[in-house]
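Before any comments, here is the structure.
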Amino acid sequence: MVEKIKVERFTCWYYDVLALQAITLAVHEHEILGIIGPANSGKTSFIRSLNRLNDLNLTFRKQGTVLLDGKDIYAMNPEALRRRVGMVFAMPLSLPMSVYDNVAYGPRRHGRRGKKRLDETVEKALVAASLWDEMKDRLSDSALKLSGGQQQRLCLARTLAVEPEVILFDEPCSGLDPISTAKVEETMLELKQKYTMVLVTNNIKQASRVSDRTAFFLSGELVEIDVPSRLFVTPRDKRTEDYVTGRFG
Ligand SMILES: Nc1ncnc2c1ncn2[C@@H]1O[C@H](COP(=O)(O)OP(=O)(O)OP(=O)(O)O)[C@@H](O)[C@H]1O
Ligand SMILES: [Mg+2]
């Protein structure tokens, strides 16, 4: 299998507070890697480090490397990196504009202007985010009028519209009802054929439903990484077992 992202001894701090300790792991091409762990275990710090969103934080310091297709991401242009590695956040951050303009926002920023090509891009992204049927007659409606679940898939469509290779999700279903959650999960499974995904979730059942492998983080450390059928059933580490059986966290 191809290692799309390779993280080697990645350690980071905010001020002098250690947030991640020597994390070493790979994300395989076309897999969904789940990341679980209690609050403050470093999950968000970890995925934000994969597309350098922490760069904007002046108190952030790091050591170690993150390679994308074998190239050091911290030696790349951050904008170019974020086009290849997109992010979907916990709270859907729809822009106060139409559904169409939300999806076209990224491509326009990157210089795509022609109406026909933009139309195609918008449709393709909405189809991929399982939102086209619901939105095709509402493209000029304000995005803020959509339901939470629709807005979350709209954010996914916005990310897909710039045609990334990797998509990072930070608890994308935390504010969603079970039906919307199921739709997002179904969409992620369909996207696997084309994309590589990392899914931070505080929902252990979600990790076992959709991830190909799951990593368990605790206090900034990677405790264990394995396929769900082992991690959730016969974990090697006592700390993993305590967490997945609900004894803490
Ligand atoms: N911007 C920041 N400034 C200072 N400290 C931070 C910042 N972001 C995170 N931290 C600290 O880094 C550690 C890891 O936090 P992080 O947000 O990565 O955890 P998490 O596993 O995503 O938690 P949660 O489940 O609550 O989202 C915590 O001790 C947190 O307080
Ligand atoms: Mg977090």
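Quick notes
- Whichever lysines have a C-alpha closer than 26 Å to that of K62, once near sequence neighbours (fewer than 8 apart) are set aside: K4, K6, K43, K71
- Just the protein heavy atoms count here, and of the accessible area of the stretch 3-244 at 1.4 Å, carbon and sulfur take up 51 percent.
- Extension gain from K116 to K6, taking 0.36 nm per residue of separation minus the Cα-Cα distance: 35.8 nm
- Global form of the stretch 117-209, assessed from the alpha-carbon gyration tensor, a/c cut-off 1.5: oblate
- The accessible-area ordering, largest first, of the residues D72, D16 stands as D16, D72, per a 1.4 angstrom probe.
- For the pair D133 and D177, a Förster radius of 30 Å applied to the C-beta separation gives a FRET efficiency near 0.95, rounded to the nearest 0.05.
- Sequence of T245, T214 when ordered by accessible area, the most exposed leading, probe 1.4 angstrom: T245, T214
- Note on the stretch 3-244: Kirkwood hydrodynamic radius from all Cα pairs is 18.4 Å, rounded to one decimal.
- Modelled FRET efficiency - R0 25 Å, L189 with L93, Cβ distances, 0.05 increments: 0.60
- Accessible area (Å², per residue) of the chain, counting only protein heavy atoms and a probe of 1.4 Å: 48
- Loop-located trypsin sites (Lys or Arg not before Pro) across the stretch 180-249 with a Cβ neighbour count of 16 or fewer within 10 Å are K192, K194, R236, R247, with loop assigned by DSSP.
The values are calculated or read from the model by the stated rules, or taken from the named source; none is laboratory data. These figures come from a predicted structure and were not determined experimentally. With ideal geometry, Cβ positions are generated from the backbone for all residues, glycine too; neighbour counts draw on all protein chains shown. For accessibility, only protein heavy atoms count, side chains too; no ligands or nucleic acids. Shrake-Rupley method; radii C 1.70, N 1.55, O 1.52, S 1.80 Å.
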